[in-house]
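Reviewing the structure listed below.
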Amino acid sequence: MLKFETEQKIFQIGKIQIGGQPGQLPTVLIGTIFYERHKIVKDMEKGIFDKEAAEQLIRTHEELSERTGVPCMIDVVGVTPTAIPKYLDFVAEKTEMPILIDSTSAEVKIAGIKHANEVGLADRVVYNSITHHVTQEELDAIRENNIKAAVILTYNPHNVWPKGRIELLKGNGSKKGLLALAEEAGIEKPLVDTAVLDVPSISLAAEAVKLVRNEFGLPAGGAPANAVLEWKRVKEISPDAKKVCMANAVTAMQYAGANFLLYGPIKNAPTIFPAVAMADAIIAYSARLKGVAPKTKDHPLYKIF
């Protein structure tokens, strides 16, 4: 198993620790709620949703975390500036886990972090995400609203290979890298997403995790399960193929050193948590050969066996 030569940073976000050498801390799992076409959402423009169903999804997510020792966060997606505060208030009331503020719209994400700061949630939220097309308006809003944690998405359209992700983080003489931009915005806890594009590219994202951790010592990970959800022909293999391949996708990145994994729709928690817990235990057991021990008694190595 891996042990990185570079000192590995550990960040505290809310009550969750993330980072460290493989085997020290469990992988953080992040489930997504209120995403586009999520059946529990009744009106995505106004932010009207089935509160009972949403609470049950959050409870299952948390219960599996407690049972396995795998820590968790929740990725809250909004479509409009009207909807996102309603989602954030609900989730913050129902759980103490850290919250990612997510949208395809910068306007919505800015509305989300403004609201989070106003209601005292700034230390629990993660901006998702700072990308190669981040605007100055976004960076200013992050700084002005005291957001200290952000996902840094390393999709590089000019170089899709693993080293292209490093180039995007570092920048060059003519353009600042994403890490420098994040630092200027006040981000102290960058979480590097190595950008899975499709199922075969999981291999590139996994290799990029190792490069990021070797180069910067930062927590790194990605969203491999979403690629499986977009894989149209997976159902042709067998009735269970999608679930099995989702679990395989996340553990493939774990064994490459991923500190966090966005596993897609929160309803998939029962499929993902057991697989990740088992892989965490295997990694931690092997890490002892390299002088690395778990930093928590709640590690899956102790919880599931």
Exercise. Which entries of LYS42/LYS297; LYS3/LYS297; LYS46/LYS235 show an alpha-carbon separation above 32 angstrom in the structure shown?
Worked result: LYS42/LYS297; LYS46/LYS235
Exercise. If the cut-off is 26 Å between C-alpha atoms, which lysines fall inside it for LYS148, apart from same-chain ones fewer than 8 positions away?
Worked result: LYS9, LYS15, LYS86, LYS94, LYS109, LYS114, LYS170, LYS175, LYS176, LYS189, LYS210, LYS295
Exercise. Counting each DSSP H run of 4 or more residues in the chain as -39500 (n - 2.57), what helix-only mean residue ellipticity at 222 nm follows after dividing by all residues, to the nearest 500 deg cm²/dmol?
Worked result: -12500 deg cm²/dmol
For this session: Would you mind calculating the gained length between ARG67 and GLU236 on full extension (0.36 nm times residue separation, minus the Cα-Cα distance), in nm to one decimal?
Result: 57.5 nm
For this session: Show me 266-278, 174-186, 216-228 ranked by packing, highest mean number of other Cβ atoms within 10 Å first.
Result: 216-228, 266-278, 174-186
For this session: Taking the Cα centre of the range 10-291 as origin, sum charge times position over the Cβ atoms of Lys and Arg (+1) and Asp and Glu (-1), and report the length of that vector in debye to the nearest 20.
Result: 740
Seminar exercise, completed: By Cβ neighbour count within 10 Å, fewest first, TYR302, TYR87 rank TYR302, TYR87
Problem set entry | Shape box of the range 11-140 [Cα atoms, principal axes, largest first, Å] | 41, 37, 26
Exercise. What is the antiparallel percent of DSSP beta bridges lying wholly in the range 10-291, to the nearest 5?
Worked result: 20
Exercise. Ranking GLU207, GLU5, GLU66 by Cβ neighbours within 10 Å, fewest first, what do you get?
Worked result: GLU5, GLU66, GLU207
Exercise. What net charge is computed for the residues neighbouring LEU181, neighbours being all others with C-beta under 10 Å from the C-beta of LEU181, Lys and Arg scored +1, Asp and Glu -1?
Worked result: -1
Seminar exercise, completed: Exposure-ranked with fewest Cβ neighbours within 10 Å first, THR131, THR251, THR154 stand as THR131, THR251, THR154
Exercise. Under a straight-distance cross-link criterion of Cα-Cα below 23 Å, which lysines are reachable from LYS242, leaving out those fewer than 8 residues away in the same chain?
Worked result: LYS39, LYS232, LYS267
Exercise. Taking K and R as +1 and D and E as -1, what net charge do the other residues with C-beta under 11 Å from the C-beta of ILE74 add up to?
Worked result: -2
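A short reminder: the numbers here are calculations on the coordinates, not readings from a lab. No experiment lies behind these values; they were computed from the predicted model shown. Don't worry about glycine lacking a Cβ; one is built from the backbone with ideal geometry, like all the others, and counts go over all protein chains shown.
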